[in-house]
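Have a look at the structure below, then the notes.
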Amino acid sequence: MDYSDNIINLKGVGDKTSRLFNRLGIYTVHDLLDHFPRDYEAFAPSVKVAKAPLDIPVTLELTVCAGFQWKKVRQLSIGTGMAGDDTGKITITFFNAPYLKNVIKAGGVYLMRGKLKKEQGVLHMDQPKLYTYEEYSKLTGSLQPCYRLTAGLSNKAVQKAMKQALPAVSGEEYLPSDIIEEYQLISRKKAYQDIHFPKNYDEMLLARKRLAFDEFFLFLISLRKLKEMNEEAISSYPMIETALTKRLIESLPYRLTGAQLKVWDEIKADLTSGRAMNRLIQGDVGSGKTVLAFLSLLMAVANGYQGALMAPTEILARQHYEQLLAMNSQYGLSLKPVLLTGSVTAAGKRKIYEKIESGEADIVIGTHALIQEKVTYHKLALVITDEQHRFGVKQRENLSEKGDHAHVLVMSATPIPRTLAIILYGDLHLSVIDELPANRLPIKNCVVNTTYRKKAYEFITKEVENGHQVYVICPMVDENEEMGDVENVTEYTQKLKSSLPSKIHVEYLHGKMKAPEKNRIMEEFAAGNIDVLVSTTVIEVGINVPNATVMMIENAERFGLAQLHQLRGRIGRGKSQSYCIFMSGSDNSRSMDRLKILNQSNDGFFIAEEDLKLRGPGDLFGIRQSGAMEFKIADIYQDSGLLKKISISVDNILQQDKDLSSDKYNSIQRYLIQNTVNFVDFRTI
Ligand code: ADP
Ligand code: MG
């Protein structure tokens, strides 16, 4: 078995199963090995009913009481009754488990595993799994990996494939021994074994540490190299300041904030310096980054060049395009922008490519399609990426190569603490917009549980009647995917429609819809024809509909705080008071406390820091933290200490041996080359 082998070569993985793996982005043995568990199930010894914690999996040793009954309801056979031990009794229910009919007998003693729940004072466990003593003693004390799955693919099947893939991990070490020693690292081979099948929690943590180390280390080495390359680059596109940008700033309906002006000065200094710009603008949601992008594009065009603006989603690209068109005609800028996205027809694309190549188009706005090979630019001098965390380092590299040392401007609202940003964006100069436009009313927030939903709906109705619009966010598209009982967009929309007055126009939006349909919905929402938009997090980045004043987020406990903050940034953009309702699906006091941080502050950096403090080892998995830079296993918040330390080590190494050509460091260089394909994805989602 080899790293690059197709998974179809694994025993028990046929055509059908391999297609299911493909849906998770797993094609090769390597992909599979990097499909790390999202959680582990710990099989602790059984506990007594009176001592059992609620809402998490526990194992109870129960005697079934007399009167246990099986009923047939439609096609299902359902068994219910009581069972207990010397400390208490609970209700047990089995749905559609006819084969248990002959197993479960009054007076029998069984090991039952499931989540114990309490409703109206009654303890119950639904659909427990049964174990023999022998089976259970084998599992006791072990941690079983739980993987991200897709409909049709079981956790067992992934485990089985994983066991076969593990021997493919090479035993060779690429790190010098003093680093291994300093960081107390286990081998990569053992790390893969133990991250997937740890004997205990400590073993898993050591494995995780080694893998996180490798991710950060390789990432930072590559980043330093990129920086070196950039710094040597003389720009082929020097610019001078033109009257056009000044005039635009003066004609805007608002005054730029002090922070916007400061950053604009930094951009201008870069563009006129004779060197290629490599700058990151960090500014909280709503701080007004877009207008700086437009000014920069205008400056490039006024100097006779082309500029490109890339967005992570088609919706956002289109919105930028339309905003630019509006400015174009309002201020008589005579720009010639084109919009290039995945949903443009082949013929349409060809025309656009021609315009870009001939220079007839001077501003190109679009999604990833922009960076596809087919696009040849006339004089691409400036490349801007909006909401940068969605673009990889490699993609940025591609782009700057396209326009031989074009100026690169990256805009991000990801609230990463400054100390970390300096490391993670080490190849870029940093500008911060640390001031919001003055005319904003702070968003009013509340954190509630689901019993509040009816009230929330009444509130939504009232706001719509006052002419405002509403976002409702659900985590998942359909219930088949990875998580079970979370609210999902399509079903939720039906439910919402029947709960709200029929004159309220409700629509939904999710990532799996076809692009033209998404665009239509987004345009209708922006035009005010849709009152309530139920959406997944596709709405997260950049969307600007100032008339939307309410956001309600279902299952808020499932999101990272930084991401919730970004979501919330879709409202509070206009003159009216905005409201954000965080609906928690769990009453668990820890999740409620976490969410309440969002009540205390509208400052993304503060929230990111607090989130960091509150998380413990138990949160290593499970909370979705997209919206921050995603590594496969390392977490920039959780592992910030490690990241800072590695950053220093990397500096030391490169100081000793800039090209990694010495005997001691040569293996790092070789490893990097072999693993570049893997590496480029580090900053993408
Ligand atoms: P983000 O930084 O999140 O990308 P946008 O650029 O979308 O924010 O700006 C949000 C809103 O604020 C837009 O409607 C924009 O026109 C407006 N805006 C930008 N700068 C200012 C300013 N200095 N004063 C008032 N409104 C502004
Ligand atoms: Mg934006």
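The values are calculated or read from the model by the stated rules, or taken from the named source; none is laboratory data. Predicted model only: the values in this text are computed from it and were never measured. Cβ: placed from backbone, ideal geometry, glycine included. Neighbour counts: every protein chain shown. Accessible surface areas use protein heavy atoms only, side chains included; no ligands, DNA or RNA. Shrake-Rupley method; radii C 1.70, N 1.55, O 1.52, S 1.80 Å.
So here's what we get for this one:
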{"quantity": "Cα shape, segment 156-311, gyration tensor, a/c 1.5 rule", "calculated": "prolate"}
{"quantity": "Amide H within-cut-off set for Asn445, under 5 Å, with H built and near neighbours excluded", "calculated": "Cys580"}
{"quantity": "Order of exposure, largest accessible area first, which applies to Lys503, Lys115 with probe 1.4 Å", "calculated": "Lys503, Lys115"}
{"quantity": "Heavy-atom accessible area ranking, 1.4 Å probe, most first, across Leu261, Leu672, Leu561", "calculated": "Leu261, Leu672, Leu561"}
{"quantity": "Cα centroid of segment 288-341 to Cα centroid of segment 60-102, whole Å", "calculated": "65 Å"}
{"quantity": "Accessible area of Leu76 in the full protein assembly, 1.4 Å probe (Å², nearest 10)", "calculated": "70 Å²"}
{"quantity": "Gain in span if fully extended, Lys658 to Lys575, counting 0.36 nm per residue against the direct Cα distance", "calculated": "24.5 nm"}
{"quantity": "Using a Förster distance of 30 Å, the FRET efficiency for Lys163-Gln75 (Cβ separation, nearest 0.05)", "calculated": "0.25"}
{"quantity": "Residues with amide H under 5 Å from that of Thr385, placed H, sequence gap 5 or more", "calculated": "Met310, Leu409, Val410, Met411"}
{"quantity": "Beta bridge orientation in the chain: antiparallel %, DSSP, nearest 5", "calculated": "40 percent"}
{"quantity": "Under 5 Å, built H, 5+ apart or other chain: amide partners of Asp39", "calculated": "Cys146"}
{"quantity": "Whole-Hz couplings from phi, Karplus 6.51/-1.76/1.60, listed for segment 644-659; x for Gly and Pro", "calculated": "5, 5, 4, 4, 5, 4, 4, 4, 4, 4, 5, 5, 5, 8, 4, 9"}
{"quantity": "Residues Ser358 and Asn666, FRET efficiency given R0 of 45 Å [Cβ-Cβ distance, rounded to 0.05]", "calculated": "0.45"}
{"quantity": "Sulfur and carbon atoms: percent of accessible area, the chain [1.4 Å]", "calculated": "51 percent"}
{"quantity": "Accessible-area value, Cys65, 1.4 Å probe, nucleic acids and ligands omitted, Å²", "calculated": "30 Å²"}
{"quantity": "Largest-first ordering by accessible area, 1.4 Å probe, given options Asp86, Asp611", "calculated": "Asp86, Asp611"}
{"quantity": "Simple label model, 7 Å out from Cα along Cβ direction - Thr140 to Glu523, nm", "calculated": "6.6 nm"}
{"quantity": "Surface accessible to a 1.4 Å probe, per residue, for the residues of the chain, Å²", "calculated": "45 Å²"}
{"quantity": "Between segment 147-161 and segment 221-251, the Cα center-to-center distance that results, in Å", "calculated": "48 Å"}
{"quantity": "Distance between segment 1-39 and segment 489-524 - C-alpha centres, whole angstrom", "calculated": "35 Å"}
{"quantity": "Label-to-label distance, nm, for residues given as Ser601 and Lys16 (7 Å Cα→Cβ offset)", "calculated": "5.2 nm"}
{"quantity": "Angle between the chain longest axis and helix 489-499 axis [Cα atoms, degrees, rounded to 10]", "calculated": "80 degrees"}
{"quantity": "For segment 106-119, Karplus couplings with θ = phi - 60° (6.51, -1.76, 1.60), whole Hz, Gly/Pro x", "calculated": "4, x, x, 10, 9, 8, 10, 10, x, 9, 8, 10, 10, 10"}
{"quantity": "Ser329 accessible area, assembled protein chains, probe 1.4 Å, Å²", "calculated": "90 Å²"}
{"quantity": "Note, ³J(HN,Hα) from phi for segment 256-270, Karplus 6.51, -1.76, 1.60, rounded to Hz, x at Gly and Pro", "calculated": "5, 6, x, 5, 4, 5, 5, 5, 4, 4, 5, 5, 4, 4, 4"}
{"quantity": "Gain in span if fully extended, Ser498 to Tyr331, counting 0.36 nm per residue against the direct Cα distance", "calculated": "55.6 nm"}
{"quantity": "Inter-label distance for Lys51 and Lys645, nm, one decimal - labels placed 7 Å from Cα along Cα-to-Cβ", "calculated": "3.6 nm"}
{"quantity": "Contour excess over end-to-end distance, with Cα ends at Glu228 and Ala66 and 0.36 nm allotted per residue", "calculated": "50.7 nm"}
